[in-house]
Each structure stands twice: as structure tokens, then as C-alpha cells.
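Beneath this line is the structure, given in C-alpha cells, with notes to follow.
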There are 2 protein chains.
Amino acid sequence: MKKIAICAPSTPITPGIAERVTAIAAGFPGAELHFHPQCFAEDGHFAGDDEARLAALLECANDPGMDAVWFAKGGYGANRIAAQAVADMAEEAAGKVFLGYSDTGFLLGALYRAGIGRPVHGPMPVDIRRDGGEAAVRRSLAFLCGEGQDADLALAQRPGVAFNLMTLAMICGTELMPDLSGHVVMVEEVAEHLYAVDRLFFHVTQHLSGIAGLRLGRISDVPENDRPFGAEPEEIARYWCARSGIPYLGSADIGHDSANKIVPFGLATGAARS
Amino acid sequence: MKKIAICAPSTPITPGIAERVTAIAAGFPGAELHFHPQCFAEDGHFAGDDEARLAALLECANDPGMDAVWFAKGGYGANRIAAQAVADMAEEAAGKVFLGYSDTGFLLGALYRAGIGRPVHGPMPVDIRRDGGEAAVRRSLAFLCGEGQDADLALAQRPGVAFNLMTLAMICGTELMPDLSGHVVMVEEVAEHLYAVDRLFFHVTQHLSGIAGLRLGRISDVPENDRPFGAEPEEIARYWCARSGIPYLGSADIGHDSANKIVPFGLATGAARS
């Protein structure tokens with residue numbers, strides 16, 4: 001039995017989302033979900049103020065009775081508490097999986113930098129709202145139950161990480177930035193103009209010298225602009241990789257959608273962390 | 001007589017804009033405008049491809065017959081040519097004012113880093129389209145003619161710079177980033193959600209340790225979000241300054257509007273550059 005603590009370090013979910021995800025989890029006898037009440041808190045933009053979100057995250061991470069921490073939703077806000085959260089994590093956090101993506105990538109990055117637990121990019125409870133969201137939620141539940149540890153984009157030979165492009169850009173050069181030397185870095189983006197994607201690639205490729213290479217996830221829901229940008233996302237990625245001497249390693253099956261795959265940070269389970 | 005070369009390192013203007021600005025410049029007998037034909041070029045998002053924009057910028061900057069380079073418009077694209085432009089600038093560029101803001105801040109930053117010429121934040125020809133845009137264009141023309149060198153936000157005691165917040169965030173940690181130690185850094189933003197402004201402040205304040213302080217320009221045209229953010233721009237700026245130990249020095253009269261003031265980079269003219 002895997003006990004999974006769920007909290008919301010950025011923005012809240014509704015009790016209805018928790019109910020739908022709990023119903024799906026009933027099909028996983030190996031999983032027991034514990035939604036922290038902070039998941040439903042509201043304070044302006046956030047799922048409770050910084051103190052409330054930090055406290056809930058630490059309760060989940062430091063609870064010796066829990067095996068994993070699943071982030072309920074992204075949005076924005078994890079960066080405000082990530083450094084303090086990592087600083088206050090106890091030994092009980094060390095053995096846990098931390099699973100999420102999008103804005104919660106601030107925490108995945110900070111945990112990876114600190115060497116705490118196992119940060120994993122993958123679907124969150126909020127994804128149940130998407131077309132095909134059940135499959136996304138099942139994918140994460142299966143991973144959390146230990147079925148499919150080596151599935152998807154885990155890399156046996158080279159350590160990998162996956163980030164939302166904007167989130168990674170905002171992490172670069174800050175106290176949350178892990179050392180990604182030798183890593184395969186996968187990025188995806190949603191709801192940004194292509195000129196903004198180009199600008200983000202300028203920024204991140206300048207900060208990622210020394211990585212093993214870059215893989216491009218989906219760049220989805222690009223808003224209409226007053227004129228076409230003139231290059232597709234893959235051209236943009238290839239251009240900036242070439243300019244900065246980073247190998248472009250092709251596409252990655254990640255994105256803000258139901259097909260978003262699991263990417264354990266580091267090497268695949270069973271391989272030694274380099 | 002000040003000869004002013006105008007080019008578009010990011011996106012194009014129309015000939016109509018050039019005509020309106022030329023008509024206003026007729027009231028400045030000390031100014032002679034030279035619109036480079038590249039101002040009107042189009043290539044997807046950009047005012048011509050990277051090679052065309054770079055070539056026009058270098059023609060303007062390296063022309064011994066010109067006294068200043070005025071950027072026609074921002075948008076997006078100056079970052080793609082800034083490093084090469086600075087590398088290829090000749091001695092003739094050293095004595096020139098370079099005037100613009102918004103996306104052209106990538107060039108102002110790169111020039112300031114390289115110690116080439118006098119980068120200045122201020123209105124551009126495209127601002128003629130705004131309500132009150134004539135006053136904005138006149139403000140820059142007066143500055144370019146040498147009337148009002150010490151006006152506005154020039155600082156006699158401490159060197160200053162002014163940037164669009166997103167532009168500065170994208171410059172941080174890259175090959176374009178100047179050393180801003182001891183500087184008063186002014187930032188403004190347009191058309192970004194307040195959560196994105198908060199996220200940008202997280203990023204830039206982590207990169208700006210050692211500055212003399214931060215001043216907040218206008219954060220305008222904030223899009224409606226599905227819920228209120230819960231903090232005003234000044235609270236956001238104060239919060240991140242306090243977290244990172246940067247003195248918050250109050251407001252700055254800059255922004256994406258007609259009131260946008262002139263900010264010469266460095267110390268006010270006449271004072272020694274530190």
C-alpha cells in the first residue's frame with residue numbers, strides 16, 4: 001500500500017476534482033490518497049497564503065506515514081515557498097516521490113538541487129478536467145503505486161529532467177536551480193506566443209551550457225498574434241540549441257495535455273544516480 | 001545639427017509613422033532624421049531577418065556622419081542580434097547615443113555591458129501612435145538635440161538604468177547582462193498578468209544582488225485574470241525587494257505610455273562614469 005499525500009503549493013483545486021480522482025484511485029488497491037484540506041484553500045491567486053501552502057507541503061513531506069507527495073495543481077506560486085520548503089524538510093522527505101509539473105516544477109527543481117527525495121514530472125489531480133484526463137491521472141497513480149517505474153521517458157544512460165519552459169527560465173540562475181550538467185533537459189510550454197517561446201529559448205539556452213542535450217515537448221494553445229511568427233517551435237528549439245552548442249535531441253512526449261508522460265528526474269529507477 | 005539614424009532591431013514601423021515623426025522633427029532645427037529603409041522591412045514577426053536587422057543597425061552605429069541611433073520600435077527580436085551587433089561595432093559607435101526602450105532594452109543592456117556609446121531609455125518613433133504620443137516623441141527629440149541632458153530621471157549621485165521587466169528578466173545571466181552593482185534599476189511592464197509580474201520579480205531580484213535599489217515604473221494594461229491576484233504592483237515590488245535585501249526606492253516615471261521619461265544609463269551627463 002502506497003500512501004499518497006496531496007497538497008497544492010500553487011493554486012487550489014475544488015473538492016469535486018478530489019472526488020473524481022479518489023473514485024479513479026479506488027481502482028488502484030495499492031494506492032491510498034490523502035487530500036490535505038489546504039488543496040481547497042483560497043487566498044487571492046493562491047491556495048492559501050504562503051505560510052499555509054508551506055505548512056501543508058511540509059506536513060505532507062515530513063509525515064513518516066506517507067510514501068509520496070502529489071501536487072494537486074500548478075498555476076503560479078510554488079516559487080514563493082520552494083526555498084523555505086526544501087530548507088525545512090526532514091529526513092522523512094528523503095525517501096518520497098514528489099510528483100507534478102508546470103508551476104510545481106519550481107519545487108521539483110529545488111528538491112533535485114537539494115538531493116531530497118525523487119522529483120518526478122507527470123500528471124496531477126487537476127488533469128482529470130482534461131479530455132482524456134482519466135488516462136493521465138491513471139498514469140500517475142500507476143507510477144505512484146510502483147507499476148511502471150521505468151516507463152515513459154526515464155533514461156537509463158543519461159539523467160533527465162522535464163520542465164515547463166517558462167518555469168525553467170524563471171529558475172535559471174536562482175537559488176532553486178539544480179546542476180543540470182550532463183542531463184537531457186525536456187521542455188514544454190502552453191499559452192505563450194511563439195515570439196515569447198523564442199525569447200525563453202534565448203534565455204534558457206544561455207543558462208544550460210554543459211547539458212547533454214535538449215528535447216522539445218509540445219508547445220500548445222499558442223495565442224493568435226497580429227502576424228505569424230515565421231518559425232515553428234521545432235525550428236525555434238533547433239536554432240537556439242545550435243547557437244549555444246547544445247545538442248538538439250528531438251521531441252519529448254510531454255505537454256499541458258492528457259498525453260503528458262512521466263519523467264523521473266535523474267536516472268531511471270534502479271540505475272545509480274551519477 | 002544632430003544627425004539621427006533610425007533603424008528597427010525588432011519589429012517594423014510603417015512609412016506613415018516615419019512621416020508623422022519627420023513632421024514633428026521639422027520643429028527641431030537641431031535634428032536631422034535619417035530613417036533607414038530597414039525600418040519598413042518585414043520578415044515574419046521581424047523587421048527583416050536577423051542579417052538585415054543586424055546590417056542596418058551596424059550601418060547606423062558605425063556611420064561617422066551620424067550622431068545618434070534611435071530605435072524605431074520594440075516588439076521582439078533585438079536579443080537575436082545584440083551580441084553580434086556589439087561585437088561588430090566600430091570606433092564610430094563609441095560617441096553615439098542609442099535611444100529606445102521595451103524590447104530594444106536587450107541592445108541597451110548589451111551596449112552598456114560593452115561600454116559602447118551612451119544607452120538611453122526613452123520614447124521611440126512608434127510612440128507617435130499613442131494618445132499624447134507627440135509629446136513623447138518631442139521628449140526624445142529634445143534629448144537627442146542635447147536639450148535636457150540632465151532632465152527626467154538622470155541621477156547625479158548613483159548610476160541608473162531602466163528596463164522593461166520581462167526584457168531584464170531575459171537578459172539576466174546571459175552574455176548581454178551588464179554589471180549593475182551600485183545602480184538604481186528602474187523597471188516597467190505592460191500586458192502581463194500580475195502573477196507573471198510576481199514571477200518576474202522573483203527572477204530578477206535573485207539576479208540583482210548588489211544593486212543600489214529598485215524603482216517601480218508603471219505596470220499597465222494588466223489582462224483580466226479568472227481571479228484577482230491579491231496584491232498590487234507596488235506590494236509585489238516591495239515584497240521581492242525585501243526578500244532579496246534590495247532597497248525599494250519608490251516609483252519611477254516610466255512605462256509603455258506617452259509619459260515615459262528619459263533615463264540615460266549610468267550617471268547623468270557631465271558626471272564621471274563610475
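Could you let me know the centre-to-centre spacing of segment A:53-104 and segment B:228-261, using Cα atoms, in angstrom?
Their Cα centres are 30 Å away from one another.
At a Cα cut-off below 21 Å, give the lysines reachable from A:Lys2, other chains included and same-chain residues fewer than 8 away excluded.
A:Lys73, A:Lys96, A:Lys261
Among rounded, prolate and oblate, which fits segment B:222-269 when a ≥ b ≥ c are the square roots of the eigenvalues of its C-alpha gyration tensor, a/c under 1.5 means rounded, and a/b larger than b/c means prolate?
On the way: a/c = 3.73, a/b = 1.37, b/c = 2.73.
Here segment B:222-269 falls in the oblate category.
Please compute the per residue accessible area over the protein assembly as shown with all protein chains in place, 1.4 Å probe, rounded to a whole number of Å². Could you put the intermediate results ahead of the total?
Details: 19500 Å² over 548 residues.
For the protein assembly as shown, the per-residue accessible area is 36 Å².
Kirkwood Rh and Cα-based Rg: tell me the resulting Rg over Rh for the protein assembly as shown, rounded to two decimals. Please list the in-between numbers first.
On the way: Rg = 24.8 Å, Rh = 24.5 Å.
Result for the protein assembly as shown is an Rg/Rh of 1.01.
Rounded, prolate or oblate: which fits segment A:3-110, taking a ≥ b ≥ c as square roots of the Cα gyration tensor eigenvalues, rounded meaning a/c under 1.5, else prolate when a/b beats b/c? Write out the running numbers ahead of the final one.
Numbers: a/c = 1.79, a/b = 1.14, b/c = 1.57.
Oblate is the answer for segment A:3-110, as a/c is 1.5 or above yet b/c matches or exceeds a/b.
Quick one: in segment B:177-274, what % of C-alpha pairs are over 22 Å apart?
Numbers: 1520 of 4753 pairs.
Counting every Cα pair in segment B:177-274, those more than 22 Å apart make up 32 percent.
In peptide B:195-204, what is the residue-averaged number of other protein chain Cβ atoms found within 10 Å of each Cβ?
Values: counts 9, 3, 0, 5, 10, 1, 0, 8, 8, 2.
Counting Cβ atoms of other protein chains within 10 Å of each residue's Cβ and averaging gives 5.
Comparing the chain by itself with all protein chains present, which residues of segment A:59-76 are at least 30 Å² less accessible (probe 1.4 Å)?
Listed in order, they are A:Tyr76.
If you take the accessible area of A alone plus B alone and subtract the pair, what total do you get in square angstrom, rounded to 100, with a 1.4 Å probe? Please list the in-between numbers first.
Working: alone 11350 and 11340 Å², together 19500 Å².
So the buried area, both faces added, is about 3200 Å².
Would you list A:Cys145, B:Cys172 from the most to the least accessible area, probe 1.4 Å? Before the final figure, lay out each step's value.
Values: A:Cys145 25, B:Cys172 0 Å².
Correct descending sequence by accessible area is A:Cys145, B:Cys172.
Per residue of A:157-169, what is the mean number of Cβ atoms on other protein chains within 10 angstrom of that residue's Cβ? Please report the intermediate quantities before stating the final value.
Working: counts 0, 0, 0, 0, 0, 0, 0, 0, 0, 2, 1, 0, 5.
The mean count of partner-chain Cβ atoms within 10 Å per residue comes to 1.
Out of all DSSP beta bridges in segment B:5-163, what portion is antiparallel? Express it as a percent rounded to 5. Provide the component values of the computation, followed by the final result.
Details: 1 of 13 bridges.
Counting only bridges with both partners in segment B:5-163, antiparallel ones make up about 10 percent.
FRET efficiency for A:Lys2 and B:Gln157, Cβ-Cβ distance as r, R0 = 60 Å, nearest 0.05?
Numbers: r = 61 Å, r/R0 = 1.02.
Here the calculated transfer efficiency is 0.45.
How big is chain B along each principal axis, measuring the range of its Cα positions in Å and listing the largest first?
Ordered largest first, chain B gives principal extents of 49, 44, 34 Å.
Report, for the protein assembly as shown, the % of DSSP beta bridges that are antiparallel, rounded to 5. The partial results should precede the final answer.
Values: 8 of 66 bridges.
Within the protein assembly as shown, antiparallel bridges account for around 10 percent of the total.
The values are calculated or read from the model by the stated rules, or taken from the named source; none is laboratory data. In this text, all values refer to a predicted model and were calculated from it rather than measured experimentally. For neighbour counting, all protein chains shown are included, and Cβ atoms are generated from backbone atoms with ideal geometry for every residue, glycine included. Accessible surface is based on the protein model in full, side chains and every heavy atom, while ligands, DNA and RNA are left aside. Shrake-Rupley method; radii C 1.70, N 1.55, O 1.52, S 1.80 Å.
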